[in-house]
Amino acid sequence: MLKELINEIKNIYVQKEIPKEFFEFQLLEPKGIVYAVDGGSSIIFDGGSWCISKIKVGVVGYKGKKRVVEKIKTFYALSKKDNEHITTKIMPEGKIMKSKNLEDAHNDVRTFLEAKEVKELYSKTSADDIILVDGPTEVLKKNIVGVNKTSRLRAKSGRSLIGLINEFGSKKLKGKMWYYEIGNNEYIVKLHPKSKFCYKITALSKELFGVLAYFSRDPEIVGYPYPLIKVDKIARVKEDEKKMENNKIKLMAKKEGLILDYDENAAIMHSLLDKRMYR
Amino acid sequence: MIGKIVGGSVGEKVIIRIKSGERVDVGDILIAEDKETKEKFFLKVVNINISSLIARQFIEEMAGQNLESGEDFEIFDSQERFYRLCEAKVLKIKRDGKFYPPRTIPNFFTDVRKIEKEDLDFIKQEGEIPIGHLRLGTKKVSEIKINLPANKLISHHMLVVAATGKGKSNFAKVFLSGLLELGEYSAVVFDPHNEYYGGKGTKGLKHHHLNNRILYISPKAREIPGAEELKIHVEDLEPDDFFGIADLSQAQQEALSLLKKKYNENWIKHLLEEKIEKLIEEFDKKVSGVTFATLRRKMQHVLELDESGRGLVFTIEKREDTSIYNIIKQGIKQRKIIIIDTSSVGEEAEKIIASSILNKLFTSYRYAKQKDEVEFNNLPEVLVVFEEAPRVLGKEVLAKGVNVFEKIAREGRKFKIGLCAITQMPSLIPAEILSQMNTKVILGLPAPADRKAVINSSAQNISDEDVEIQILDMGEALVTSPFVKFPLPVKIFKFEEQIKRLQKDVPDIAIG
Ligand SMILES: Nc1ncnc2c1ncn2[C@@H]1O[C@H](COP(=O)(O)OP(=O)(O)OP(=O)(O)O)[C@@H](O)[C@H]1O
Ligand SMILES: [Mg+2]
C-alpha cells in the first residue's frame with residue numbers, strides 16, 4: 001500500500017518546470033527602526049450560539065538589536081448569530097463586523113485590527129523604518145513587508161511551490177541568501193545561509209531583504225525575522241489566560257444575575273463530542 | 001531589586017531569576033519580601049546557573065558554528081533570554097518581628113533584593129563579642145559587625161577549624177580580646193607557639209588596653225615583667241594527669257595508681273629515685289621491675305627531667321611557695337585571661353602541663369558546684385583554648401583512655417567550663433566529641449574529609465555550604481552555632497586592627 005503511495009508522490013514530483021531565476025543578496029544594517037506587528041485571538045467564552053473572543057495586537061520595534069518599542073492593545077469581541085449572518089461587535093473599538101461563521105469571527109476581527117494597527121503605525125514612521133507583518137499584508141507600501149510562515153502555493157506539478165523553489169535555490173546558491181520572484185510583489189526568500197527554510201514574502205521592494213536578513217540571525221529560529229518571533233509571543237492569547245478571562249466573565253455576569261454556565265455547557269458538550277470524534 | 005522568585009520547594013532550594021547586570025555570588029544573603037503576607041525570607045545563595053529560553057541544542061549549535069567556522073549569529077533581546085538563575089536556601093523567615101524556621105517558601109515573582117543593614121538589626125542584639133564583619137559573597141558590608149553571645153556559647157564549647165594559615169589563631173585572639181572587654185569571663189590558653197601574649201615584633205593580647213587582666217605564665221618569666229614562672233613541682237601531679245595523655249599500658253597505669261596510694265605526693269619522687277629492687281619489694285612484687293624501669297624512663301622523658309630530677313618546667317624539688325595551680329585558680333577568680341606559654345617544652349610535657357592544670361580546674365569547679373552553690377555562682381565561665389586539639393582529643397589518644405579534655409567536652413558545660421578546640425584536621429576527632437562543640441568557626445577547609453566531619457557534626461544544616469567552606473579565603477569564616485539565628489558568613493577581624501579599634505572605643509577618662 002505504501003509502495004502505491006510513493007508511486008503517486010512520484011507523479012507530483014515530475015519535473016514540469018525548473019526555477020532558474022535566483023538572485024543572491026547581501027546583509028544590510030537597518031537604518032531606521034524595524035517594527036513587527038502581529039495579532040493573537042481566541043474564543044474565551046463559547047455560548048453555543050454566541051461567543052466572546054479576546055484579541056490582542058502587539059507591536060515591537062528594534063533599533064539594531066535593541067528593542068525600543070513594545071506595546072500591546074487588547075480587545076474583546078461579542079459574536080452572535082443573526083438570521084444567516086454572524087455579527088460581531090468589537091470593544092472598545094465599537095465597530096460591527098460580519099462573518100461567515102462563529103468560529104472564525106475572531107480571526108476576521110484580528111485581521112482587521114492588525115491592518116488598522118499597521119495603517120496607524122505607518123502614518124507615524126519615517127522613510128527608513130520598516131514594518132514587518134505576519135502573513136500577507138493588505139496595506140502594501142514601500143516599507144511594509146509581509147512574511148508568510150506557511151503557504152499552500154502549488155507548483156504546476158502539484159508540489160509545494162516553496163518546497164520546489166527551496167530545493168533548487170539551495171542547490172544553486174548553496175550557503176548564500178537569495179530570493180526568487182513569483183510575481184505579484186511576492187517572493188520566495190532565504191533569509192539566512194544556514195536556514196533550512198524559505199518564506200513567501202510580500203513586498204514592493206526587494207532592497208529590504210538584506211535588512212530582514214539582519215534580523216534573521218537569532219538562534220531561536222535562524223532564517224526568520226526575530227521581531228516577528230517576539231511580537232508573536234507577546235500577542236498570543238495563552239491557554240491559562242483564556243481560562244482566567246473565562247472565569248472573570250462568568251463571575252462578572254453572575255454579579256449582574258446572569259448565569260452563563262448553561263449556554264457554555266451546551267457548547268462544551270458539542271466540543272467535547274468533537275474532540276472525541278477526531279481523536 | 002535584583003531578582004524574582006521563579007520556583008522552588010521547601011525541601012529543595014528556591015530558584016531566583018537574576019536581573020541582568022546584577023552581581024550575585026555564592027554565599028550572598030538575599031531577602032525576599034512577600035508584600036501580601038509581610039513575611040521576610042532570608043535566603044542564602046548556594047549555587048548559580050546560567051540559563052536560557054532558547055533550546056540547549058541551538059545554543060550548542062551556535063557556539064559550535066561560531067567556534068568552528070566563525071559563523072555570524074546575533075542574539076536579540078539577549079538580556080531577557082539569557083540570564084542567571086540562582087539556587088538559594090531559606091535560612092529563616094521573619095514574621096511579625098520574630099524568626100521562624102524555613103517551613104515555607106516565597107511565592108512566584110516575589111521581589112528579591114540584596115540584604116541591607118536594617119535587615120540585620122537583630123545581629124546587634126545577638127551577642128557581645130565582636131568577631132568580624134558580615135561577609136557577603138566576596139564583598140564585606142563593613143558596617144555590619146558580627147557579635148557572638150559569650151553567655152552559654154563558651155561553656156557549650158567551640159571548634160575553630162581551618163587549613164594552616166587561614167586564621168585560626170587570629171580568630172582565637174580576636175575572640176579573647178572581646179572576652180577581655182566583657183570582664184566577666186576567664187580563659188586559659190595553652191600556647192604552643194607563644195603567639196598569644198605577643199612580643200617585641202608581634203602583636204598579642206599584651207597589647208590589649210586591658211592587659212592588666214592578662215596573666216602570662218612562661219618558663220622564661222624572669223625576662224618578662226609581670227609574668228609568672230611556669231614551674232611545676234611533681235608533688236602536685238596526679239596519676240590522672242597522665243591517663244589518656246601519655247602512652248601507658250594498663251599495667252603501667254595501675255602501677256602509677258599504686259605508687260600514688262602508697263607515697264602520696266611523693267609518688268613520682270619515689271618512682272624516680274628509689275632503687276627498683278626496693279620498689280618491687282615494697283609493692284609485694286605486684287609490679288614487675290620492667291614496669292618500674294619503663295615508667296621511670298617514661299616519666300623522665302615526658303617531664304623532661306635531667307639526672308637530678310630537674311627540668312625547664314617540672315622539678316622534683318619540694319615546693320616552698322604557692323603552686324602555679326593556685327596562681328591560676330586565683331587568676332580565674334579575678335576573671336583573668338591566663339596564657340600559658342608551652343613553646344619551649346616538648347609535646348608530651350605540654351600535654352601533661354595542660355592536663356594537670358585542667359584536672360585541678362575541673363575538680364575545683366565540680367567540687368564547688370556540689371558543695372558550695374554560692375561559691376560556684378561566683379566562679380566565672382572559663383574557656384580553655386587548646387591548639388592542635390587532636391593531640392588530646394584525637395581518636396587515637398582517646399582509645400587509650402578518658403582524659404580531662406574529653407571530660408570537659410562531655411560534661412564541662414554543667415560546670416561552666418568550655419573548650420575552644422583549634423585544629424586543622426577535625427576528621428581526626430571522634431564525631432560525638434565534634435558534635436559537643438556547639439559553636440563552630442569554620443575557616444577554609446580544602447580537605448573533603450575534614451569538611452564532611454564538620455558539616456555532619458553541626459547543629460545547623462550547612463550541607464549546602466560545602467563549596468563555600470572549601471573556597472573560604474584567609475580570615476573568612478562561616479560561623480554556625482545554636483546561639484545564632486543562622487550560619488553567619490563572617491570576615492574575621494585582623495587581630496592587630498581589632499585591638500586598635502577596642503582601644504579607640506574606650507572613652508578617655510582624665511585622671512587627677
Ligand atoms: N581575619 C584576618 N584578616 C587579615 N589577616 C588575617 C586574618 N586572619 C589571619 N590573618 C593573617 O594570616 C596569617 C596566618 O594567620 P593565623 O596564624 O591566625 O593562621 P592559623 O590558621 O592559626 O595558622 P596555623 O595553622 O599555622 O596555626 C597571619 O599573618 C595573620 O595576620
Ligand atoms: Mg595558629
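The values are calculated or read from the model by the stated rules, or taken from the named source; none is laboratory data. From a predicted model like this one, the values you see are computed outputs, not experimental measurements. In this analysis, Cβ positions are derived from the backbone assuming ideal geometry, glycine residues included, and neighbour counts consider all displayed protein chains. Accessible surface is based on the protein model in full, side chains and every heavy atom, while ligands, DNA and RNA are left aside. Shrake-Rupley method; radii C 1.70, N 1.55, O 1.52, S 1.80 Å.
A few comments on the model shown:
- Rolling a 1.4 Å probe over the heavy atoms of the protein chains gives region B:321-391 an accessible area of 38 Å² per residue.
- Farthest positive-ward along region B:420-512 dipole, Cα basis, beta-carbon charges - from B:Gln498, B:Leu472, B:Pro482: B:Gln498
- Taking the Cα atoms of region B:125-257, the ratio Rg/Rh between the radius of gyration and the Kirkwood radius comes to 1.06.
- Environment charge at B:Tyr325 (Cβ cut-off 14 Å; Lys +1, Arg +1, Asp -1, Glu -1): -4
- When its C-alpha radius of gyration is set against 2.2 N^0.38 Å (N residues), region B:3-120 gives a value of 1.28.
- Over region B:236-302, all Cα pairs binned in 10 Å intervals from 0 give whole-percent P(r) values of 22, 63, 15, listed from short to long.
- Grouping the Cα pair distances of region A:15-115 into 5 Å bins from zero gives a pair-distance distribution of 2, 12, 18, 14, 10, 8, 8, 9, 8, 7, 2, 0 percent in increasing distance order.
- Size of chain A: Rg and Dmax of its alpha carbons, in Å, are 22.0, 68.
- Here is the list for region A:74-163: GluC sites (Glu not before Pro) lying in DSSP coil, each with at most 16 other C-beta atoms within 10 angstrom of its C-beta, are A:Glu84, A:Glu138.
- Normalised size of region B:310-458, defined as Cα radius of gyration per 2.2 N^0.38 Å with N residues, equals 1.13.
- Sulfur and carbon atoms: percent of accessible area, region A:28-239 [1.4 Å]: 52 percent
- Scattering curve values for chain B, log₁₀ I(q)/I(0), Debye with Cα scatterers, q = 0.07, 0.13 Å⁻¹: -0.49, -1.22
- A:Leu28/A:Lys100 FRET efficiency (R0 45 Å; Cβ-Cβ; nearest 0.05): 0.60
- Counting Cβ atoms of other protein chains within 10 Å of each Cβ in A:228-235 and taking the mean gives 1.
- Using C-alpha pairs below 8 Å separated by at least 6 residues, the relative contact order for chain B is 19 percent.
- At least 10 Å² of accessible area lost relative to the chain alone, listed for region B:71-114 with a 1.4 Å probe: B:Glu71, B:Asp72, B:Phe73, B:Glu74, B:Ile75, B:Phe76, B:Asp77, B:Glu80, B:Arg81
- Inter-centroid distance (Cα atoms) of region B:426-445 relative to region B:72-105, Å: 32 Å
- Sparse packing (at most 16 other Cβ atoms within 10 Å of the Cβ) combined with a DSSP loop state is found for the following trypsin sites (Lys or Arg not before Pro) in region B:328-404: B:Lys400.
- A DSSP coil position with no more than 13 other Cβ atoms inside 10 Å describes the following GluC sites (Glu not before Pro) in region B:97-195: B:Glu116, B:Glu184.
- Debye intensity ratio in log₁₀ form over the Cα atoms of the protein assembly as shown, taken at each q of 0.04, 0.06, 0.09 Å⁻¹: -0.36, -0.64, -0.93
- Taking 7 Å steps out from each Cα toward its Cβ at B:Ser52 and B:Leu182 produces label points 5.5 nm apart.
- In nm, spacing of pseudo-spin labels at B:Val467 and B:Thr202 (7 Å Cα→C-beta vector): 3.7 nm
- Once the Cα gyration tensor of region A:139-279 is diagonalised, semi-axes √(5λ) in Å: 43, 20, 15
- Between 0 and 90 degrees, the angle of helix B:56-69 with respect to the longest Cα principal axis of chain B falls at about 90 degrees.
- Counting only protein heavy atoms and a probe of 1.4 Å, the accessible surface of region B:10-80 is 47% carbon and sulfur.
- Carbon + sulfur, % of accessible area of region B:204-269 - ligands and nucleic acids excluded, 1.4 Å: 44 percent
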